[in-house]
Amino acid sequence: MRPLLVAMLLAAVPFQTALSQEVIKLWPDNAIPNAIPNAQITEKSETDANGILRISNVSVPTLTAYIPPKGKMTGAAVMICPGGGYGILAASHEGSDVARWFNEIGVAAFVLKYRLPMPEIMTNQQEVPLMDAMQGMTIIRQKAAQYGINPDKIGVMGFSAGGHLAATLATHYHRGPKASEMAKPNFAILLYPVVTFGEKAHTGSRDKLLGKLNTSPELIAYYSNELQVSSQTPPSFLVHSEDDKSVPVENSINYYLACLKNGVPAEMHLYPTGGHGYGMRTAKFGSLNTWPDVCKAWLTALIAPKP
């Protein structure tokens, strides 16, 4: 019987781990902002040949909490916005995998499953991802004591189009229908981010968020986050590869320069190779493999108690 008991206990471990990852709905079912009443769509999740989990057709946005053991907690937390061109969410290598890495260094992580712009199920589609990000940040701050988090050490992280959403939260938290100081991140970590909707834009992300016909100069400028940086923008850490053919490296460079112009503490790391969309899968790209280490060093210094 003893071998059978051991096998049963081992089989229960993944289940217990899954239970520890709380999934939090951002909005009550009957009060999701901008949702068209009675409009329905079926959410899809699939894993591609590269092992990347792709989620699409999100109509019920959530946060999934990854909390490190109490003995490892630093008090810091980060909300992670996966990329995917505002068409899908790359929810594993730019979401759950990164959350587990943060847990290893004592940082609580919350993966944001935000709604993707779809005029069939929502009004004013360009507002919706930011609404969800604002609400996600607000919920984390409201639940800070429950999770053992310092409410003054909660940041946002984003990859690619998720980097655009993270940068938009960092520069627009005080704007729009859901504006609130509770939604302001204390820091921003941007990985190969879409930043501009102007000359160096990733046009796929821009067209998905705004719609191909909704591209007035004013709206393009509003969502070009290098133009929206102010002295109130939180400290920022940026990573980009110079050979990125999807999102030009100037997206990060111009955001960094805007931070410098406005007196915002910023650190940027540019790497010669890596392309786009690597997340933490960097072993074959030489020096790019060090970005998690330098990010950890930056974050550790940022959240360290001040003398």
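Bear in mind these aren't lab numbers, they're just calculated from the coordinates by the rules spelled out. Just so it is clear, the model here is predicted, and its values are computed rather than measured. No Cβ is skipped: glycine too gets one built from the backbone with ideal geometry, and neighbour counts run over all protein chains shown.
Under the rule of -39500 (n - 2.57) per DSSP H run of 4 or more residues, summed and divided by the residues of the chain, what mean residue ellipticity at 222 nm is obtained, to the nearest 500 deg cm²/dmol?
Numbers: 9 runs with 96 residues, N = 307.
My calculation for the chain gives -9500 deg cm²/dmol from helical runs alone.
Using the number of other C-beta atoms within 10 angstrom as an exposure proxy, rank Met280, Met268, Met131 with the fewest first. Before the final figure, lay out each step's value.
On the way: Met280 15, Met268 18, Met131 23.
In order of increasing Cβ crowding within 10 Å: Met280, Met268, Met131.
Considering only segment 43-303, what is the antiparallel percent among its DSSP beta bridges, to the nearest 5?
Values: 11 of 34 bridges.
DSSP beta bridges in segment 43-303 are roughly 30 percent antiparallel.
Apply the Karplus parameterisation 6.51 cos²θ - 1.76 cosθ + 1.60, with θ equal to phi minus 60°, to every residue of segment 35-41 and state each ³J(HN,Hα) to the nearest whole Hz, in sequence, with x for glycine and proline.
3J(HN,Hα) across segment 35-41, in whole Hz: 6, 6, x, 6, 7, 10, 8.
Taking the beta-carbon count within 10 Å as an exposure proxy, list Tyr192, Tyr66, Tyr147 from fewest neighbours to most.
So the ranking, lowest neighbour count to highest, is Tyr147, Tyr66, Tyr192.
Please state the shape class of segment 127-274: rounded when a/c is under 1.5, otherwise prolate if a/b exceeds b/c and oblate if not, all from the C-alpha gyration tensor. Show your work: numbers first, answer last.
Details: a/c = 1.76, a/b = 1.28, b/c = 1.37.
Oblate, since a/c reaches 1.5 and b/c is not below a/b.
How many nm is it between the label spots at Leu270 and Ser287, if each spot is 7 Å from the Cα in line with the beta carbon?
That separation, rounded to one decimal, is 1.1 nm.
Quick check for me: using +1 on Lys/Arg Cβ and -1 on Asp/Glu Cβ, what's the dipole size of the chain about its Cα centre, in debye to the nearest 20?
Values: 25 positive and 23 negative charges, 142 e Å.
Dipole about the Cα centre, nearest 20: 680 debye.
With label points built 7 Å along Cα→Cβ from the Cα atoms of Thr47 and Met280, find their separation and express it in nm.
Placing both labels 7 Å beyond Cα along the Cβ direction yields 1.7 nm.
Among Tyr66, Val111, Gln135, flag the residue with its Cα farthest along the positive direction of the charge dipole of segment 25-137, charges on Cβ as +1 for Lys/Arg and -1 for Asp/Glu.
Positive-end residue among those listed: Tyr66.
Have a look at Thr168, Pro151, Gln232 and report the one farthest towards the positive end of the charge dipole of segment 43-303, computed about the Cα centre with Cβ charges (Lys/Arg +1, Asp/Glu -1).
My answer, from the dipole projection, is Pro151.
Please compute the contact order of the chain in relative form: average sequence separation of alpha-carbon pairs under 8 Å and at least six residues apart, divided by the residue count, as a percent.
Values: 616 pairs, mean separation 43.0, N = 307.
Here the relative contact order equals 14 percent.
Which order do Val98, Val249, Val294, Val194 fall in if you start with the one that has the fewest other Cβ atoms within 10 Å? Don't skip to the answer; put the middle values down first.
Values: Val98 24, Val249 18, Val294 13, Val194 33.
Ordered by Cβ neighbours within 10 Å, fewest first: Val294, Val249, Val98, Val194.
DSSP loop (so not H, G, I, E, B), at most 12 other Cβ within 10 Å: list which GluC sites (Glu not before Pro) in segment 72-167 pass both filters.
Listed in order of number, the matching sites are Glu120.
Note the full-extension length gain between Val294 and Glu104 as 0.36 nm times their separation in residues minus their Cα-Cα distance, in nm to one decimal. Show your work: numbers first, answer last.
Details: separation 190, 0.36 × 190 = 68.40 nm, distance 1.51 nm.
Working it through step by step, the gained length comes to 66.9 nm.
Relative to the present Cα-Cα distance, how much length would full extension add between Leu219 and Ser180 at 0.36 nm per residue of separation? Don't skip to the answer; put the middle values down first.
Numbers: separation 39, 0.36 × 39 = 14.04 nm, distance 2.12 nm.
Gain in length upon complete extension: 11.9 nm.
Ala266's amide H: which non-local residues (gap 5+, or another chain) put their own amide H closer than 5 Å, with H modeled 1.01 Å from N in plane and none for Pro or chain starts?
Close amide H contacts, sequence-distant or interchain: Ser236.
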